[in-house]
1. Does residue 138 meet the test of being in contact (Cβ under 8 Å) with a residue 40 or more places away in the chain and closer than 17 Å to residue 271 by Cβ?
2. Just the residues that are under 29 Å from the mean Cα position of the chain (by Cα), farther than 12 Å from residue 139 by Cα and in a loop (DSSP other than H, G, I, E, B), please, taken from the stretch 300-352.
3. Scan the stretch 44-86 for residues that are without any contact (Cβ under 8 Å) to a residue 24 or more places away in the chain and within 21 Å of residue 433 (Cα to Cα) and jot them down.
4. Would you mind telling me which numbered condition in (1) touching a residue at least 40 places away in the same chain (Cβ under 8 Å); (2) surrounded by fewer than 19 Cβ atoms within 10 Å (Cβ to Cβ); (3) outside any loop (DSSP other than H, G, I, E, B) residue 363 fails?
5. Looking at 260, 294, can you tell me which residue is farther than 25 Å from residue 87 by Cβ, touching a helix residue (DSSP H, G or I) at 6+ places or on another chain (Cβ under 8 Å) and modelled with pLDDT of 95 or more?
6. Looking only at residues in the stretch 412-444 that are assigned to a helix (DSSP H, G or I) and over 24 Å from residue 27 (Cβ atoms), which one is modelled with the lowest pLDDT?
7. Out of the stretch 370-397, which residues are part of a loop (DSSP other than H, G, I, E, B) and surrounded by fewer than 19 Cβ atoms within 10 Å (Cβ to Cβ)?
8. Can you give me the ranges of the helices (runs of 4 or more DSSP H) entirely in the stretch 51-150 with at least 2 residues that are not assigned by TED's automatic domain parsing to the domain that holds residue 452?
């Protein structure tokens, strides 16, 4: 929370006293997480150790270190229990450590981790995946970043074009080729690297456009002969309220006519909002889509799936034994020691078989419960005059920027950050950019969260941090 200069000295003193008491309470509850973070800081370079750093709350800027997880709950190194709303950043659709995944991993572990020979499960997993998604061919990587990187390479190799278009506000992993942003230079919008270490020439082949803005479609038309691909995060993590179906339908039409590869990044939406992901949700068929998270059942995985025209660039295309056929498609390069890892394949098979048995009813029920949960909280916020509004798409939810509170350094962002610390202190594990529900969250869990939110708001108001 930001302590503003305009407040009276007495008011500031009261706020500061309360903040100091809260910080002491928070640290006392999570002291081992803080101690271990400091103990290993010199050897462990970890972004999580300093996320959200501000001088006023410096003493409680450290990650909660987990020890155990089951169902909707996690327990930290100090033995504190939390209802988890992070859920592995979208991995744990079924909650933590579900029995059917645990059994599959334990069974496979007994057989040894054989890497080098082909996985005996890869074909079955690929077949199940294609059956559920409607994709023609798939290949496996280890992370979402690798999957996106490969999808772009396949698009460029097939179209023999260099440029791609992405949308502001989207996240596609930590691949240099997507770590770019728009910036005004001499009155003109140009694409530049988002972070130090990303080479300027990388940004020259990337257009950054506004998602859902039909003007972006006109720009894509203008560059249609240069664009290899348009990369879309159909539901942006931080703005699940933006669901531009008509925009996507028109984008699909434009890309089809101009030979641009339409890539959907379905890391978060794949198997979560619908059994068929965002493509089924919007009724838009992508040429290539990338997946991960849920499919791996808690183990690292990335999946690149799509039409054979593009996926054939991995292996040369379809051929058979006993005839004159041979791989006829020129390939690009794709590899990875741990691709199709035996444990990841076992978990993925278990997940896909379970999803197939449940049908889309699993997603529909979870989506409805999330919408009801969000509606209850929004009703409370509105009736009680709390400057927070939530939005969701399926079981993905986040708080929306209100008024001018869009910059990470402003007072409203600081207030939001402090609310999340208060929730953690009350046993609700959440991060500032939103949360996700799983099928393991109970009605009692959700009622507890709502009460924790109300109690946190009450305490913040009593201390003068909220009006």
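1. For residue 138, the condition - in contact (Cβ under 8 Å) with a residue 40 or more places away in the chain and closer than 17 Å to residue 271 by Cβ - is met.
2. Within the stretch 300-352, 300, 332, 333, 337, 338, 341 meet the criteria.
3. Within the stretch 44-86, 46, 47, 48, 49, 50, 51, 53, 55, 58, 61, 66, 73 qualify.
4. (2)
5. From the options 260, 294, the qualifying one is 260.
6. Residue satisfying both the conditions and the ranking: 412.
7. Within the stretch 370-397, 384, 385, 387, 389 qualify.
8. Numbers: elements: 87-90, 99-109, 122-133.
Because the criterion is at least 2 residues that are not assigned by TED's automatic domain parsing to the domain that holds residue 452, the helices (runs of 4 or more DSSP H) in the stretch 51-150 that meet it are 99-109, 122-133.
The values are calculated or read from the model by the stated rules, or taken from the named source; none is laboratory data. Please read these numbers as outputs of a predicted model, since none were measured by experiment. Cβ atoms come from the backbone with ideal geometry, glycine included; neighbour counts cover every protein chain shown.
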